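Notes for the one structure printed next.
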Amino acid sequence: MTITNEQVVEALRTVNDPDLHKDLVSLRMIKDVVVDGSNVAFSVELTTPACPLKAKIEGDCRRAVSAIPGVGEISINMTSNVRATDRRGIEQAPLPGVRNIVAVASGKGGVGKSTVSANLACALAQTGARVGLMDADIYGPSIPIIMGVEDAEVGIDQIKQQIIPVERYGVKIVSMGFLQHATAAVIWRGPMVSKAVQQFLRDVQWGEIDYLIVDLPPGTGDAQLTLAQAIPLTGAVIVMTPQDVAASVAVKAIAMFRRLDVPILGIVENMSYFQCPTCNTRHDIFSHGGGHDAADALNVPFLGEIPLDAQIRAEADEGTPTVVISPDSPQALAFRDVAEGVAQQVSIAVRKAPIPLAMA
Ligand SMILES: Nc1ncnc2c1ncn2[C@@H]1O[C@H](COP(=O)(O)OP(=O)(O)O)[C@@H](O)[C@H]1O
Ligand SMILES: [Mg+2]
């Protein structure tokens with residue numbers, strides 16, 4: 001008995017993407033179906049290479065196709081293609097070539113926003129995604145230090161009059177810190193910040209980017225508001241520490257994005273618990289679960305928790321983010337979980353994005 005392509009497609013119609021709640025065929029994720037006698041081969045094109053459900057989806061597909069009577073060998077090629085927030089296509093996107101822009105924000109400074117941004121960018125790049133990292137924190141541009149590119153010279157494409165990002169750990173990096181050589185905090189008003197960053201963003205030769213991570217200035221003031229408006233964001237990741245739960249600073253940040261109709265991709269709780277370097281046990285210094293409860297109460301996804309850990313700090317200070325220099329550590333695993341969650345939420349947000357975003 002020979003099997004037909006239609007049989008394979010029909011079988012795969014019974015497999016749903018758990019996040020997008022639709023079958024893989026309708027989602028156009030099934031490609032290159034080849035039937036050779038009783039043997040079947042096809043590709044599954046996921047919406048992100050960082051998909052945490054890759055193994056589950058592959059298993060579900062294999063099971064579905066196995067149910068076809070007389071089927072022989074099944075070979076599945078798992079691939080990915082990150083789709084753009086702007087449905088018109090990446091050429092028409094506000095930043096041509098940039099598929100999705102993710103802001104990392106916090107209600108206040110010092111919560112580890114830059115540390116999370118850098119590790120998130122590197123973790124996504126490690127999955128094979130094309131990643132950019134924009135340091136828009138004009139008050140404390142620390143990305144060049146964390147990514148170890150402090151002394152890097154940004155290149156200029158003289159013909160196109162564009163900035164060429166510095167590349168490190170597979171991530172294309174630009175920082176407001178590259179422009180303003182002063183280390184002291186600069187007093188910028190909201191509209192000034194927004195104009196400068198917008199101009200800066202447009203003048204960068206990003207090339208093809210799946211995820212552009214933007215480290216926003218902390219807080220919810222005028223500067224943050226105008227900036228969040230100026231960048232066509234796919235969504236925002238809110239970084240908070242356990243203490244912020246009581247102070248409700250994270251709530252303010254979420255409210256700001258909601259006012260701007262920017263989807264909240266989720267909350268990351270940083271310095272969540274103390275990972276003792278000598279005994280390797282976990283100590284909950286602050287009441288544990290605050291970020292999770294806050295996410296539930298605010299009806300936003302919880303993306304995970306990162307321990308308070310001297311190694312994370314030291315590695316960031318040395319310009320070698322934890323996921324790069326200690327990829328097998330539990331700390332790196334925590335960052336990777338967050339990165340997968342962010343990629344997952346971006347895929348969901350892209351699917352929900354109704355109208356093409358336009359740059360204000
Ligand atoms: N999980 C963590 N464990 C230990 N130290 C951390 C952690 N996250 C951040 N830090 C440290 O806390 C300080 C502030 O972090 P940073 O990422 O610069 O915060 P922000 O960008 O929110 O101001 C830095 O010295 C950083 O190394
Ligand atoms: Mg910072």
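The values are calculated or read from the model by the stated rules, or taken from the named source; none is laboratory data. Bear in mind that the values here come from a model prediction, so they are computed numbers and not experimental data. Virtual Cβ from ideal backbone geometry, glycine too; neighbours counted across all protein chains shown.
Structure values in brief
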quantity: Selected residue (only one of 213, 267 is in contact with a helix residue (DSSP H, G or I) (Cβ under 6 Å, 6 or more places away or on another chain), crowded, with 24+ Cβ neighbours inside 10 Å and more than 26 Å from residue 196 (Cβ to Cβ)); calculated: 267
quantity: Of all residues making up segment 309-330, the number that are more than 25 Å from residue 345 (Cα to Cα) and away from ligand 2 (no atom under 16 Å from the Cβ); calculated: 8
quantity: Restricting segment 69-94 to residues that are in a loop (DSSP other than H, G, I, E, B) and in contact with a Gly (Cβ under 9 Å, 6 or more places away or on another chain), the residue that is surrounded by the most Cβ atoms within 10 Å (Cβ to Cβ); calculated: 85
quantity: Any hit, segment 90-103, residues being in contact (Cβ under 8 Å) with a residue 40 or more places away in the chain, under 23 Å from residue 169 (Cβ atoms), within 19 Å of the chain's Cα centre (by Cα) and within 16 Å of ligand 1 (Cβ to nearest atom); calculated: yes
quantity: Some residue of segment 272-290 being in the same structural domain as residue 238 (by TED's automatic domain parsing), under 14 Å from residue 116 (Cα atoms) and not basic (Lys, Arg); calculated: yes
quantity: Cβ pairs under 7 Å, 6+ apart, first in segment 305-327 and without any contact (Cβ under 8 Å) to a residue 40 or more places away in the chain, second aliphatic (A, V, I, L, M) and assigned to a loop (DSSP other than H, G, I, E, B); calculated: 308/271
quantity: 3 or more residues buried (at least 24 other Cβ atoms within 10 Å of the Cβ) and at pLDDT 90 or above: qualifying strands (runs of 3 or more DSSP E) within segment 111-181; calculated: 131-135, 171-175
quantity: Hits in segment 109-133 - residues which are within 11 Å of the chain's Cα centre (by Cα) and either near ligand 1 (Cβ under 8 Å from one of its atoms) or of a type in the set (A, V, I, L, M) (or both); calculated: 116, 117, 118, 120, 121, 123, 124, 125, 129, 131, 133
quantity: Test: residue 332 is farther than 20 Å from residue 127 by Cα, in the same structural domain as residue 116 (by TED's automatic domain parsing) and small (Gly, Ala, Ser); calculated: no
quantity: Of residues in segment 225-240 being touching a residue at least 40 places away in the same chain (Cβ under 8 Å) and among the polar types (S, T, N, Q), the one nearest to residue 345 (Cα to Cα); calculated: 234
quantity: Residue 106 within 16 Å of ligand 1 (Cβ to nearest atom) and touching a strand residue (DSSP E or B) at 6+ places or on another chain (Cβ under 7 Å); calculated: yes
quantity: Exclusive hit being part of a helix (DSSP H, G or I) and crowded, with 16+ Cβ neighbours inside 10 Å, set 40, 65; calculated: 65
quantity: Members of segment 257-274 found to be farther than 16 Å from residue 295 by Cα, of a type in the set (A, V, I, L, M) and within 16 Å of ligand 1 (Cβ to nearest atom), listed by number; calculated: 271
